Structures are given as structure tokens and as C-alpha cells.
1. Sort out which residues of the stretch 193-233 are among the aliphatic types (A, V, I, L, M), touching a strand residue (DSSP E or B) at 6+ places or on another chain (Cβ under 7 Å) and not in a helix (DSSP H, G or I), and write them in order of number.
2. Tell me which residues, restricted to the stretch 234-255, are small (G, A, S) and surrounded by fewer than 24 Cβ atoms within 10 Å (Cβ to Cβ).
3. With respect to V73, is the statement that it is in contact with a strand residue (DSSP E or B) (Cβ under 6 Å, 6 or more places away or on another chain), within 19 Å of I31 (Cβ to Cβ) and either loosely packed, with under 15 Cβ neighbours inside 10 Å or modelled with pLDDT under 95 (or both) true?
4. Looking for whichever is on the phi > 0 side of the Ramachandran plot and either assigned by TED's automatic domain parsing to the domain that holds P135 or not hydrophobic (A, V, I, L, M, F, W, C) (or both) here; the options are G247, G276, G272. Which one fits?
5. Looking at this structure, is D165 surrounded by fewer than 16 Cβ atoms within 10 Å (Cβ to Cβ) and either touching a Ser or Thr at 6+ places or on another chain (Cβ under 7 Å) or under 19 Å from S236 (Cα atoms) (or both)?
6. Determine whether the stretch 155-167 contains at least one residue that is within 29 Å of S278 (Cα to Cα) and not assigned by TED's automatic domain parsing to the domain that holds A214.
7. Would you check which residues across the stretch 42-90 are part of a helix (DSSP H, G or I) and of a type in the set (K, R) and list them?
8. I'd like the full set of residues that are under 16 Å from I196 (Cβ atoms) and among the small types (G, A, S), limited to the stretch 131-164.
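The values are calculated or read from the model by the stated rules, or taken from the named source; none is laboratory data. Not measured: the values here are computed from a predicted model. We place every Cβ from the backbone using ideal geometry, glycine too, and count neighbours over all the protein chains shown.
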Amino acid sequence: MTPDPRPLPDLHVLLASPRGFCAGVERAIQIVERALKKHGSPVYVRHEIVHNRRVVKRLEAMGAIFVDELDEVPGDRPVIFSAHGVPKSVPQEAKNRTMIYLDATCPLVSKVHVEAEHHHAKGLDIILIGHAGHPEVIGTMGQLPEGAITLVETPEEAARFTPRDPTKLALITQTTLSVDDAAGVIAVLRKRFPTIRRPHKEDICYATTNRQTAVKTIAPRCDAILVIGAPTSSNSMRLVEVAQRLGCKDSWLVESADEIPWASLGHPGVLGITAGASAPEELVEEVLSALRDRFTVTIEEISVIQEHVTFKLPRLLSA
């Protein structure tokens with residue numbers, strides 16, 4: 001086959017930074033890897049350790065087995081809880097069965113759990129801003145008795161919420177929300193309930209905030225944006241929404257280079273690329289490689305902040 005003599009069209013890529021793995025995701029993956037090294041395979045993991053199929057498949061190849069519930073785990077094998085957190089009933093069940101278990105819950109999610117318990121101990125009703133059905137929300141609401149936490153997703157729901165006592169309210173949030181969406185809900189709640197208790201430090205995690213800030217920085221310059229991440233990943237979905245809200249309507253979520261919507265993408269002059277907090281950098285490199293097959297690519301990295309956050313591993317694995 002004779003090579004096409006025509007030059008490839010130019011494409012300028014704005015590569016957002018920070019992108020990809022956050023400290024909580026790196027810690028969760030290390031917990032599975034260390035557990036396999038210490039205990040041998042198989043090691044069981046309740047739910048996906050993080051929302052990324054590439055990561056899950058690699059850990060499966062190493063000997064991890066992913067399950068939905070604890071009753072699928074043999075009593076003599078270790079089990080790990082995912083980075084999103086679990087209801088209190090899950091570790092209690094593991095204790096009742098005298099299982100070896102490791103909690104890979106992101107420390108920033110655990111911080112929200114502690115906040116909820118403190119508010120509840122003070123007799124406050126708690127409003128959780130988050131997305132129904134997300135594992136993190138299920139885990140957070142499962143820290144307290146049923147009815148102690150009310151989930152609110154939108155400003156409209158916040159406007160309709162009727163508390164038992166408007167002077168005894170506290171607010172917590174899912175860590176992977178859109179900063180702007182959360183601010184809209186919080187504004188309604190603060191206007192209606194001026195004394196509502198809020199976190200001393202925002203619950204939305206540093207990684208979510210930083211990745212959204214990076215997308216906000218590049219979006220005005222982009223003809224299109226690719227966000228690399230899983231459709232089950234809340235923080236990845238929020239990156240697409242942030243880009244579209246800032247006027248870059250041609251923004252898509254792709255799990256890998258195989259999902260790039262070439263027909264819709266066309267020949268943009270400037271393409272933004274970022275990755276959700278559970279997407280490995282190898283997926284970014286694969287997307288760039290696929291682009292180089294069709295375009296003459298130049299890359300400009302746009303960095304808004306340097307991240308230096310690390311989290312300790314559980315003591316059972318740190319030795």
C-alpha cells in the first residue's frame with residue numbers, strides 16, 4: 001500500500017495538569033499490591049478498588065478477585081474495601097466473621113465520615129450533597145442510623161428540604177462533586193438556614209478541585225476536550241460538565257484511545273486533554289499516540305498547581 005503523501009493536519013494539544021491519579025487512588029492500589037505480596041493470591045476486593053477497568057484488570061492479573069459482597073469471600077482470605085468507603089455494617093460483618101480486612105477508603109472520604117459522626121453526636125441533622133447511588137454516598141450515609149443523613153442533589157431539592165429543626169443542621173459533601181454545582185446547592189441552604197454548620201475545610205477533595213481548575217483554565221482555548229476516565233467515575237464526569245459549562249460543548253468522556261469519537265472530533269485546531277483521578281497516565285499516552293497517527297501533534301502542558309499529597313498505608317501493610 002502506497003503511503004499517503006499528504007501532510008497530516010496540525011493539532012495543538014493542551015495537556016491539563018494536574019490530571020490522573022490522586023493520592024487516594026495511588027494509596028488504594030498500593031494496598032492491593034502490598035496485600036498480594038504479603039498474603040499471596042487470591043486477595044479479595046469488595047467492589048472496584050477505583051473506577052478504572054485498566055487498573056482493575058491489572059490487579060486481577062496479579063491475583064485480586066473483585067466481588068460485590070462479603071459473603072462471596074472465603075473466611076480465610078483477606079478482603080479489601082474500596083477507596084470510596086463502605087457503610088459501617090461492612091467492617092462489622094468482617095469482624096463478626098473474624099476476617100482479615102484492610103480499609104482502602106481515601107483518607108479524605110474518611111474525614112467526611114468523622115465529620116458526620118461528630119455532627120450526629122451533637123444532635124444535628126445532616127444534609128449530604130452528593131449523587132444518589134454513588135458508592136461514596138452509600139458509604140457515607142451508612143456511617144449513621146437510617147434517617148440521620150438526608151441526601152440533597154440539586155438547588156431545587158435544597159429549596160424543598162424541610163428540616164425537623166432549622167437551627168440544628170449540618171452540611172457535608174461528596175468529595176468528587178463539581179465545585180460550582182456544590183456551591184449552588186450550598187448557597188440555597190445557607191440562605192434558608194443561616195446557622196447551618198459547614199466543614200472547617202471544604203469536603204470536596206484537593207484532587208477534584210485541582211483537576212476542575214485545570215479544565216477551567218484550558219477550556220476557553222479549546223475547540224474540543226477529551227476527558228479520560230470511566231463513566232462510573234464521578235470526578236471524571238464532572239470534568240466533562242465543567243468543560244461544557246465553560247463553552248467547550250465538544251467535550252467527551254473516553255475510557256481509552258479506542259473510544260475517541262473520531263467522526264465527531266473532526267479536525268480541531270486545539271484539543272484539550274485531561275484525565276480523571278482514577279485514570280493511569282498510560283491511558284493519556286495511548287490517546288496521544290492515537291492522535292499522532294492522524295495529526296501532526298504539538299503539546300503544550302498547562303499546569304495550574306503542583307500536587308505533593310501522600311497518604312500513609314494501613315499499619316498492617318506498612319511494616
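1. Within the stretch 193-233, I196, I204, A224, I225, L226, V227, I228 meet the criteria.
2. G247, S251 - these are the residues of the stretch 234-255 that are small (G, A, S) and surrounded by fewer than 24 Cβ atoms within 10 Å (Cβ to Cβ).
3. no
4. Result of the check over G247, G276, G272: G247.
5. no
6. Yes: the stretch 155-167 contains one or more residues that are within 29 Å of S278 (Cα to Cα) and not assigned by TED's automatic domain parsing to the domain that holds A214.
7. Scanning the stretch 42-90 gives R53, R54, K57, R58.
8. Scanning the stretch 131-164 gives A148, A158, A159.
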